[in-house]
Every structure is written in C-alpha cells, then in structure tokens.
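Have a look at the structure below, then the notes.
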Amino acid sequence: MEALESIFNRRSIRRYSSRKVEKEKIIKIIEAGMFAPSAHNRQPWHFVPTNDRGTMLEIADKHPYAKMLKTADWAILVCGDLNLESSSGYLAVDCAAATENMMLAAYSLGLGTVWIAVYPREERIRMMREIFKLPANIEPISLIAVGYPDEKKPKPNRFNPSRIHWDKWE
Ligand SMILES: Cc1cc2nc3c(=O)[nH]c(=O)nc-3n(C[C@H](O)[C@H](O)[C@H](O)COP(=O)(O)O)c2cc1C
C-alpha cells in the first residue's frame, strides 16, 4: 500500500525549505538505490552524496536545468562502474532503476527530489567527471536533488489505456 502511495504521489520538487536533511535519511535513500534490480545482479552503482555549497552552486551555474540546486540541501550523483557492467548498455538502465528507487524512498521519508539529467549528454558527463573528480571507469548517470519540499503538487492523471497493447500490438 505504501509503495503505491509513493508511486502515484511522487512529483518532481524544485522548491525546498531551509530545513536540513538528516544524514541518516540520505543513507537510507542510497540504501534504497542499492536494492534496485540490476542486470545479472551486478549492482554496478556508486553514489556520491554532497551538501557542499560550492559544488552545488557550480552545478546550478553550469547545468542548464539544475537551478534548484541553489536551494536543495543535498545532491546525490548516481554513477555506474564500467568494470562492473554486465554487458553494453545495461549500466544506465541499472542506474536508472536505482535512481527511481531512491526518489520513491525519499518521498516516503517526507523529502522532495528531482532527477537532473546527466547521461547520455556528453558535455554533462564531462562536467560531472570534472566536478566530482571521477575515475575513468566511473560513468555519471543521474543527479538527484534532495530537500524538504516547499511546494505541493497535485497528483496527475497519467493512466492512458491507449498505451496498453494486450497480447499483440494490433
Ligand atoms: C531522465 C530524466 C531526466 C530529467 N532531467 C531533468 C533535469 O535536468 N532538470 C529537471 O528539472 N527535471 C528533470 N527531470 C524531471 C522531469 O522533468 C519530470 O520527471 C517530468 O516532468 C514529470 O514530472 P514529475 O516528476 O513531477 O512526475 C528529468 C527526468 C528524467 C526521468
């Protein structure tokens, strides 16, 4: 029941209050990422949490769609380890599953998040590599802004029966 509540009510939150996010909650969110399914159960992820103002302001300045980092308390970079990838292309898929798990966990902890796009944009991958000093085998996939919400968003209606193709397409 609680899982469905999170899935249907989570929204991207881009305005945050000044309340500090407890470090235990950040760890719990990362743990939720580590419980995501992954190809061949390789669990090929690494996480770089930061609440360093300098880092967050630099990203807000350089990334075209990350202005919310000016007020978010934390950001978590979700990365894939190329040395752990099961086969080509799965790294981003596995890390996307981890990212969604993390956003749902954050919602259930009373926190707001938004997924900031990194992969597959080369310039953003390069930007994250430089800012976070990532080794060559580590591919940044997504960045999650985290904070206590200062906005409320309604539950949208996204159920679209025309996107269901029972048995076969036609
Ligand atoms: C792969 C991906 C990349 C995204 N990149 C950004 C981003 O760079 N900046 C941003 O503000 N939102 C970003 N979003 C959030 C989407 O805009 C948002 O999920 C979508 O509008 C649906 O709204 P909701 O999350 O409130 O349901 C991204 C979402 C995904 C899945």
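The values are calculated or read from the model by the stated rules, or taken from the named source; none is laboratory data. Given the structure is predicted, the values throughout are model-derived calculations rather than measurements. Every residue, glycine among them, receives a Cβ derived from its backbone with ideal geometry; neighbour counts consider all protein chains shown. These area figures cover heavy atoms from the full protein model, side chains too; ligands, DNA and RNA do not enter into them. Shrake-Rupley method; radii C 1.70, N 1.55, O 1.52, S 1.80 Å.
Points worth noting:
- Mean Cβ neighbour count within 10 Å, used as a protection proxy, ranking 3-12, 99-108 highest first: 99-108, 3-12
- Estimated vicinal HN-Hα couplings, Hz - the range 130-140 in sequence order (Karplus 6.51, -1.76, 1.60; Gly, Pro = x): 6, 5, 9, 6, 7, x, 4, 7, 9, 9, x
- Residues LYS168 and GLN43, FRET efficiency given R0 of 30 Å [Cβ-Cβ distance, rounded to 0.05]: 0.30
- Converting phi to 3J(HN,Hα) with the Karplus coefficients 6.51, -1.76 and 1.60 and the offset θ = phi - 60°, the range 72-85 yields 5, 7, 9, 9, 10, 8, 9, 10, x, 9, 4, 6, 10, 5 Hz in sequence order, with x at every glycine or proline.
- Label sites at PHE35 and SER17, each approximated as a point 7 angstrom past Cα along Cα to Cβ, lie 2.6 nm apart.
- Å² of accessible area per residue within the chain, as computed with a 1.4 Å probe and no ligands counted: 60 Å²
- In the range 14-88, taking the dipole from charged Cβ atoms about the Cα centre, the farthest positive-side position among GLY33, TRP74, SER18 is held by SER18.
- For SER86 and ILE27, the difference between the fully extended length at 0.36 nm per residue and the C-alpha to C-alpha distance is 18.7 nm.
- For the range 102-108, putting each phi into the Karplus relation 6.51 cos²θ - 1.76 cosθ + 1.60 with θ = phi - 60° gives couplings of 5, 5, 5, 4, 4, 4, 6 Hz, in residue order, rounded to whole numbers and with x for Gly and Pro.
- In this Cβ point-charge picture (+1 for Lys and Arg, -1 for Asp and Glu), the chain has a dipole of about 660 debye about its Cα centre.
- For the range 36-155, the relative contact order works out to 31 percent when only alpha carbon pairs closer than 8 Å and six or more residues apart are counted.
- Rolling a 1.4 Å probe over the protein heavy atoms of the chain, with every protein chain left in place, gives an accessible area that is 54 percent carbon and sulfur.
- With each label modelled as a point 7 angstrom along the Cα→C-beta vector, the GLU130-ARG158 pair spans 3.3 nm.
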